[in-house]
């Protein structure tokens, strides 16, 4: 199960790196980089690079410390990934009158599957079971 979490988290990292790279490459494409829209596109692409680094950091912490901090860091980042991709999916789909942007649901499903595996791994290792005070 741990391998599944790592594999799905790597997919999320790859997604954010791809999104950031494309955003950086295409920033200001129609209006120029020096325009206000070009500046906004630059900020968005840099934010996506930062979020890629956060995802990669959480994955590395999870690989180093399987329980405790590692489990909670990857769960938190994955939950935020789920919220971000769900919001982006709804925003892109509604902006295009529900005709385009369905690819965002794949990334939302990846984050949801990762969260499910993290939960199951936590139950298997006893992280989510209540401990009796002794």
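Relative contact order of the chain: 26 percent, from C-alpha pairs under 8 Å at least 6 residues apart in sequence.
Calculated on the alpha-carbon coordinates, the convex hull of the range 26-134 measures out at 130 cubic angstrom per residue. With both labels modelled 7 Å from their Cα along Cα-to-Cβ, the residue 50 to residue 93 distance reads 2.9 nm. Normalised Debye scattering of the range 1-86 at q = 0.11 Å⁻¹ gives log10 I(q)/I(0) of -0.36, counting only Cα atoms as equal scatterers and leaving out solvent.
Laboratory data are not the source of any read-out in this text; all were calculated from the coordinates shown. Everything numeric in this text was worked out from a predicted model, so none of it was measured. Cβ atoms come from the backbone with ideal geometry, glycine included; neighbour counts cover every protein chain shown.
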